[in-house]
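**Q** Encoded as structure tokens, here's the structure I'll be asking about.
The values are calculated or read from the model by the stated rules, or taken from the named source; none is laboratory data. Predicted, not measured: the structure shown is a model, and the values here were computed from it. All Cβ positions, even for glycine, are placed from backbone atoms using ideal geometry, and neighbour counts span all protein chains on display.
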Amino acid sequence: MKSPTIARSTITVALIGNPNTGKSTLFTALAGVRQRVGNYPGVTVEKKLGSLHLSGQACQVVDLPGTYSLAPRSPDEMVAVDVLLGRRADVGPIDIVLSIVDASNLERNLYLVSQVLELGVPTVVALNMVDIARARGLAIDVERLSTQLNVPVVEVQANRHRGIAELKAALVAAISSNSAVPESPFPTEFQREVTHLQSALAPRMRDEESTCGGEAMPRYLVERLLLDTSGYLQSELLGNHHSPGEADVAAELKAARGRLAAAGSPVPAVEAQARYAWVAQVLKGVIARPAERVTTRSDRIDRILTNKFWGTLLFVLAMLLVFSSVFVAAEPAMKAIDAVIGKLGQAVGAAMSEGPLESLLVDGVIGGVGSVLVFLPQILMLFFFLAILEDCGYMARAAYLMDKLMVRVGLSGKSFIPLLSSFACAIPGVMATRVIENRRDRLTTILVAPLMSCSARLPVYTVLIGAFIPRRTFAGGLLQLQGVTLFTLYLLGIVTAALVALVLKKTLLRGPTPPFVMELPSYKWPSPSTVLYRMGERGWSFVRRAGTLILAVSVIVWAASYYPHNAEVVEENLGPERDALTARLVQLDTGAAERAGLEDQKADMDHAIAAAYQRQSILGRMGRTIEPAVRPLGWDWRIGCAVIASFPAREVVMGALGVIYNLGKGLDVGDQTDQDRLAARMHAARWDDSQALVYNIPVALSIMVFFALCAQCASTLVVIRRETNSWRWPAFTFIYMTALAYLGALVTYQVGMRLPPF
Amino acid sequence: MKLLADLSVGSRARVHSILGADELSVRLLEMGLTPGVEVAVVGTAPLGDPLELELRGYRLSVRRTEAARVQIEPL
């Protein structure tokens with residue numbers, strides 16, 4: 001995808017703020033719904049651009065990721081600093097920084113503002129959530145705050161669109177203003193070291209035109225270089241290659257830090273101390289706090305929701321509610337979509353003459369895209385609930401409640417909700433990992449999310465369990481073998497995910513445990529417009545991005561199951577019989593008694609022809625080619641073929657088996673009669689060579705284990721590509737999951753066959 | 001010196017210093033746990049970890065291992 005760029009005739013506003021300040025809401029309030037979303041190359045940071053008009057002046061807004069501090073320690077964190085300093089060619093120079101702050105948490109929010117002001121770009125502060133601050137009894141003197149900060153401060157309530165006109169006016173005024181770099185909050189000895197270091201680096205910068213275009217390094221970056229003890233900035237700004245100057249700079253930095261420590265301003269502590277001291281100065285006379293801390297509704301809610309007993313109970317209830325409603329409420333819509341797709345397929349099929357084009361449209365395009373579209377209601381429902389949890393402040397609490405549990409598998413509490421969502425569908429789960437700022441944790445969560453048994457696996461499980469697992473009960477009727485099997489399959493996904501996460505965090509994504517030092521925002525009523533907007537935005541982004549690829553994959557799989565459409569061979573054997581049946585049907589009266597029987601015969605004949613075509617298709621041949629590979633799993637080529645056909649979406653496997661077993665194309669696995677018909681065919685299926693029965697309990701189990709662990713879902717892989725900004729990770733996911741699925745199915749079948757018959 | 005991790009729920013303390021100079025200590029400082037600031041332990045998660053703190057007028061969550069980096073003087 002082409003990344004959006006900005007023309008110079010427009011001015012650029014960068015929006016920055018802490019997490020949970022309503023930044024995205026303000027972005028939407030300013031730029032409307034027409035946003036351009038992409039990725040910055042090479043990192044997993046989302047690039048969000050919007051446009052607006054400021055009294056005739058065309059203007060672009062760049063939404064930067066929410067952050068507590070502008071202290072980059074990784075390429076992902078470096079993006080915001082580079083954008084703000086105008087060092088990114090794909091965004092261009094920044095004309096105004098719009099810094100949004102949470103009025104109810106001004107002290108901590110001004111820490112970031114103090115860093116922003118040092119960049120020397122004209123700045124406007126948007127003071128959001130004034131209502132919450134007021135509820136806490138805080139009175140804020142906005143005018144005085146503006147004077148102290150020496151920048152315009154505008155009161156807004158982004159979720160209610162209040163103060164937006166005033167904010168735009170302030171932005172217009174800021175275009176023509178000059179930025180006065182404020183007095184540095186740092187102690188003089190630190191400033192002296194920075195000046196010294198900057199001039200020491202100047203000749204070096206002239207030599208290396210590549211990094212800074214021959215200009216001196218911005219003072220803010222020199223400060224960061226001195227403060228960053230992780231070594232990231234040193235290699236990022238000065239390059240990894242060891243030029244003669246390299247050792248000098250490293251020695252210089254070390255000496256400067258030594259001198260600062262001796263002077264009582266140790267790096268890195270000096271920054272927080274200096275900035276919070278500055279914040280205290282700024283806030284003098286700005287905030288009037290009540291003498292006694294007001295216990296707000298948020299505090300009372302929090303006391304219950306984080307209570308050992310009630311908190312846990314309500315958490316479990318909330319999650320159950322979310323889940324049951326995702327399944328229950330989405331069902332009518334899913335049924336409706338399914339029916340519409342079915343009708344559409346029939347209508348197109350009836351309107352066109354039989355042939356490749358008709359088959360492409362009906363089976364490839366409508367059938368393939370439909371199999372994914374069916375899940376859209378569920379995906380949207382999940383996005384809806386996730387947006388509510390996020391907007392009301394419970395998302396951070398859920399992470400807090402579950403952290404200890406998730407730490408055991410090497411993750412943090414922030415991974416819990418994304419993984420839980422994946423039980424309904426991995427797509428919203430993978431997209432919900434954006435709240436995890438640590439790259440390794442986020443990748444690990446994305447990579448294991450598809451192991452959670454999603455709702456697309458359910459039809460596979462129900463048909464096979466219903467057909468092959470005996471209806472037996474244990475423990476006085478309390479446990480049912482079929483139910484236990486289903487539960488075990490879910491458990492298999494969870495346990496495998498935990499193990500894979502542990503292994504990934506010890507090998508490929510090894511690194512220090514990221515801190516869980518995060519704000520627990522106050523609770524507030526979710527704003528309906530924010531929730532609906534977020535749901536729509538994410539749903540649309542999924543449809544748009546996954547749509548084309550799913551279409552392509554569906555067409556490829558269709559082509560593989562259609563071509564070579566060798567009509568002569570098939571028609572030679574079965575054609576005459578069908579034609580005879582058709583001819584007799586035409587001759588008969590509509591009311592004739594034998595008509596029903598003949599129609600059934602004709603339908604069987606049609607299905608047999610469809611199956612014959614499938615057998616000699618590329619897919620059928622592939623199935624037969626891979627038979628030796630799937631034989632150890634207890635599968636014949638037909639099962640192998642259905643598994644290949646279900647690459648775009650798991651639940652397609654049952655429909656594919658339906659075609660293979662001469663049941664025709666329109667098999668509805670949600671329908672009990674169709675389930676029984678398919679079960680009967682599976683029970684009767686025999687090996688081509690030995691005529692032994694194909695299916696038994698170990699085979700059914702091996703298929704289910706395969707589907708529990710495999711990555712047969714093109715949509716998930718596309719979404720992983722989108723979220724990680726690289727094809728490497730979806731490829732890795734597909735390979736590792738397929739390998740695990742094969743291994744799991746192999747062990748299941750081989751062990752199952754060696755156990756005494758059940 | 002006492003550590004923030006040793007404080008019981010409901011007690012208050014003044015931050016003395018943060019141990020270490022790595023990413024974690026920077027993060028603790030950035031979030032406002034600077035020397036001299038007052039902090040209260042408001043509660044713990046149902047599983048006993050992390051802790052919920054109150055400082056500078058807002059709520060902060062830290063794990064016990066992370067709170068062990070904060071040296072405090074109980075109030």
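**Q** Restricted to the range A:482-522, and to residues that are of a type in the set (Gly, Ala, Ser) and either within 14 Å of another protein chain (Cβ to nearest Cβ) or touching a Gly at 6+ places or on another chain (Cβ under 6 Å) (or both), which residue is surrounded by the fewest Cβ atoms within 10 Å (Cβ to Cβ)? Walk me through it before giving the result.
**A** As a first pass, look at the range A:482-522 and keep what is of a type in the set (Gly, Ala, Ser): A:483, A:493, A:497-498, A:501, A:511, A:522.
Subset that is either within 14 Å of another protein chain (Cβ to nearest Cβ) or touching a Gly at 6+ places or on another chain (Cβ under 6 Å) (or both): A:501, A:511, A:522.
Working: A:Ala501: 24, A:Gly511: 10, A:Ser522: 24.
Restricting to residues being of a type in the set (Gly, Ala, Ser) and either within 14 Å of another protein chain (Cβ to nearest Cβ) or touching a Gly at 6+ places or on another chain (Cβ under 6 Å) (or both), the top hit is A:Gly511.
**Q** Let me ask another. Would the range A:504-521 turn up any residue that is closer than 19 Å to A:Met452 by Cβ, outside any loop (DSSP other than H, G, I, E, B) and of a type in the set (Lys, Arg)?
**A** Quick first cut of the range A:504-521, residues closer than 19 Å to A:Met452 by Cβ only: A:504-505, A:509.
Checking the rest, the ones that are also outside any loop (DSSP other than H, G, I, E, B) come to A:504-505.
Remaining after also requiring of a type in the set (Lys, Arg): A:505.
Within the range A:504-521 (the criterion being closer than 19 Å to A:Met452 by Cβ, outside any loop (DSSP other than H, G, I, E, B) and of a type in the set (Lys, Arg)), the answer is yes, since at least one residue qualifies.
**Q** Moving on to the next point. Go over the candidates A:Leu491, A:Leu447 one by one and state the one that is in a helix (DSSP H, G or I), of a type outside the set (D, E, K, R) and at pLDDT 95 or above. Give the derivation first.
**A** Details: A:Leu491 fails: at pLDDT 95 or above.
Just a single option satisfies the conditions, and that option is A:Leu447.
**Q** (1) over 20 Å from A:Ala133 (Cα atoms); (2) out of contact with any Lys or Arg (no Cβ under 9 Å at 6 or more places or on another chain); (3) surrounded by 21 or more Cβ atoms within 10 Å (Cβ to Cβ): which one isn't true of A:Ser176, the others all being true?
**A** The one condition A:Ser176 does not meet is (3).
Every residue, every condition in (1) assigned to a loop (DSSP other than H, G, I, E, B); (2) crowded, with 24+ Cβ neighbours inside 10 Å; (3) at pLDDT below 95, yes or no:
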residue	(1), (2), (3)
A:Ala89	yes, no, yes
A:Pro93	yes, no, yes
A:Ser114	no, no, no
A:Gly120	yes, no, yes
A:Gly137	yes, no, yes
A:Gln148	no, no, yes
A:Val154	no, no, no
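**Q** Any idea which residue in the range A:159-173 is nearest to the chain's Cα centre (by Cα), counting only those that are assigned to a helix (DSSP H, G or I) and modelled with pLDDT under 90?
**A** Out of the qualifying residues, it is A:Asn159.
**Q** Do we find that A:Asp338 is under 27 Å from the mean Cα position of the chain (by Cα), assigned by TED's automatic domain parsing to the domain that holds A:Phe383 and among the charged types (D, E, K, R) in this structure?
**A** Yes: the conditions hold for A:Asp338.
**Q** Helices (runs of 4 or more DSSP H) wholly in the range A:292-408 with at least 2 residues that are within 12 Å of chain B (Cβ to nearest Cβ) and of a type in the set (D, E, K, R) - which ones?
**A** A:297-305, A:394-407
**Q** I would also like to ask the following. Restricting the range B:49-75 to residues that are over 10 Å from the mean Cα position of the chain (by Cα), touching a residue at least 24 places away in the same chain (Cβ under 8 Å) and part of a loop (DSSP other than H, G, I, E, B), which is nearest to the other protein chains (Cβ to nearest Cβ)?
**A** Only one residue fits best here, namely B:Arg56.
**Q** Within the range A:626-645, is even one residue on the phi > 0 side of the Ramachandran plot and touching a residue at least 60 places away in the same chain (Cβ under 8 Å)?
**A** Yes, the range A:626-645 contains at least one residue that is on the phi > 0 side of the Ramachandran plot and touching a residue at least 60 places away in the same chain (Cβ under 8 Å).
**Q** Moving to a separate point now. Please go through (1) crowded, with 17+ Cβ neighbours inside 10 Å; (2) within 26 Å of A:Gly355 (Cβ to Cβ) for A:Leu633 and return the number of the only condition it doesn't satisfy.
**A** With (1) crowded, with 17+ Cβ neighbours inside 10 Å; (2) within 26 Å of A:Gly355 (Cβ to Cβ) applied to A:Leu633, the lone miss is (2).
**Q** Turning to a different aspect of this structure: State whether one or more residues within the range A:365-372 are of a type outside the set (A, V, I, L, M, F, W, C) and in contact with a Cys (Cβ under 9 Å, 6 or more places away or on another chain).
**A** No, every residue in the range A:365-372 fails to be of a type outside the set (A, V, I, L, M, F, W, C) and in contact with a Cys (Cβ under 9 Å, 6 or more places away or on another chain).
**Q** So, of the residues in the range A:523-548 that are assigned to a loop (DSSP other than H, G, I, E, B) and more than 30 Å from B:Ser25 (Cα to Cα), which turns out to be farthest from the other protein chains (Cβ to nearest Cβ)? Working first, answer last.
**A** Taking the range A:523-548 first, the residues assigned to a loop (DSSP other than H, G, I, E, B) are A:523-527.
Now narrow it down to the ones that are more than 30 Å from B:Ser25 (Cα to Cα): A:524-527.
Working: A:Lys524: 14, A:Trp525: 18, A:Pro526: 19, A:Ser527: 21 Å.
Checked the range A:523-548; the qualifying residue farthest from the other protein chains (Cβ to nearest Cβ) is A:Ser527.
**Q** Against the condition in a helix (DSSP H, G or I), within 23 Å of A:Thr195 (Cβ to Cβ), away from chain B (no Cβ under 13 Å) and not charged (D, E, K, R), how does A:Leu253 come out, does it pass?
**A** yes
**Q** If you check A:Ala424 against the conditions, is it of a type in the set (Gly, Ala, Ser), within 21 Å of A:Leu314 (Cα to Cα) and part of a loop (DSSP other than H, G, I, E, B)?
**A** Working: of a type in the set (Gly, Ala, Ser): yes; within 21 Å of A:Leu314 (Cα to Cα): yes; part of a loop (DSSP other than H, G, I, E, B): yes.
Against the criterion (of a type in the set (Gly, Ala, Ser), within 21 Å of A:Leu314 (Cα to Cα) and part of a loop (DSSP other than H, G, I, E, B)), A:Ala424 qualifies.
**Q** Can you run down the residue pairs with Cβ atoms below 9 Å, 6 or more apart or on separate chains, where the first is in the range A:526-552 and on the phi < 0 side of the Ramachandran plot and the partner is at pLDDT below 80 and outside any helix (DSSP H, G or I)?
**A** Within 9 Å, the pairs are A:Tyr533/A:Val33; A:Gly536/A:Val33; A:Glu537/A:Val33; A:Arg545/A:Met1.
**Q** So is A:Leu411 out of contact with any His (no Cβ under 9 Å at 6 or more places or on another chain), farther than 23 Å from A:Thr530 by Cα, away from chain B (no Cβ under 14 Å) and buried (at least 23 other Cβ atoms within 10 Å of the Cβ) or not?
**A** no
**Q** Right, next: Condition test on A:Val172, is it aliphatic (A, V, I, L, M) and over 30 Å from A:Glu223 (Cβ atoms)?
**A** In short, yes.
**Q** Moving on to the next point. Taking A:Pro628 and the conditions (1) closer than 30 Å to A:Ala745 by Cβ; (2) surrounded by 14 or more Cβ atoms within 10 Å (Cβ to Cβ), which numbered condition does it fall short on, given that it satisfies the others?
**A** Status for A:Pro628: all satisfied but (2).
**Q** Moving to a separate point now. Given the conditions (1) within 24 Å of A:Leu110 (Cα to Cα); (2) surrounded by 17 or more Cβ atoms within 10 Å (Cβ to Cβ); (3) facing chain A (nearest Cβ under 8 Å), report the number of the one that B:Pro46 does not fulfil.
**A** The number of the failed condition is (1).
**Q** Further question on the same structure: Could you look through the range A:409-421, keep only residues that are small (Gly, Ala, Ser) and assigned to a loop (DSSP other than H, G, I, E, B), and pick out the one that is farthest from the chain's Cα centre (by Cα)?
**A** Looking at the filtered set, the residue picked out is A:Gly410.
**Q** Of the residues A:Arg73, A:Arg144, which single one is at negative phi, in a loop (DSSP other than H, G, I, E, B) and charged (D, E, K, R)?
**A** Unique residue meeting the criteria: A:Arg73.
**Q** Of the conditions (1) out of contact with any strand residue (DSSP E or B) (no Cβ under 8 Å at 6 or more places or on another chain); (2) free of Cβ contacts under 8 Å to residues at least 60 places away in the same chain; (3) more than 14 Å from every other protein chain (Cβ to nearest Cβ), A:Val125 fails just one. Which one is it?
**A** (1)
**Q** Considering each of A:Glu292, A:Glu236, A:Glu223, A:Glu252 in turn, give the residue that is of a type in the set (Asp, Glu) and free of Cβ contacts under 8 Å to residues at least 24 places away in the same chain.
**A** A:Glu292
**Q** Which helices (runs of 4 or more DSSP H) does the range A:576-636 wholly contain that include 3 or more residues that are among the aliphatic types (A, V, I, L, M)? Talk me through it step by step, then tell me what you get.
**A** Working: elements: A:595-616, A:618-625, A:627-630.
Fully inside the range A:576-636 and qualifying: A:595-616, A:618-625.
**Q** With respect to A:Val503, determine if the residue is over 27 Å from B:Thr44 (Cβ atoms) and touching a Leu at 6+ places or on another chain (Cβ under 9 Å). Before the answer, list the steps.
**A** Numbers: over 27 Å from B:Thr44 (Cβ atoms): yes; touching a Leu at 6+ places or on another chain (Cβ under 9 Å): no.
No, not satisfied.
**Q** Mind checking whether some residue in the range A:50-58 is over 24 Å from the mean Cα position of the chain (by Cα), away from every other protein chain (no Cβ under 14 Å), buried (at least 23 other Cβ atoms within 10 Å of the Cβ) and aliphatic (A, V, I, L, M)?
**A** The answer is no, given that none of the residues of the range A:50-58 is over 24 Å from the mean Cα position of the chain (by Cα), away from every other protein chain (no Cβ under 14 Å), buried (at least 23 other Cβ atoms within 10 Å of the Cβ) and aliphatic (A, V, I, L, M).
**Q** If I ask for residues that are at the interface with another protein chain (Cβ under 8 Å from one of its Cβ atoms) and not polar (S, T, N, Q), which ones from the range B:12-32 would you list?
**A** Matches in the range B:12-32: B:Ile18, B:Ala21, B:Asp22, B:Glu23, B:Leu24, B:Val26, B:Arg27, B:Leu28, B:Leu29, B:Glu30, B:Met31, B:Gly32.
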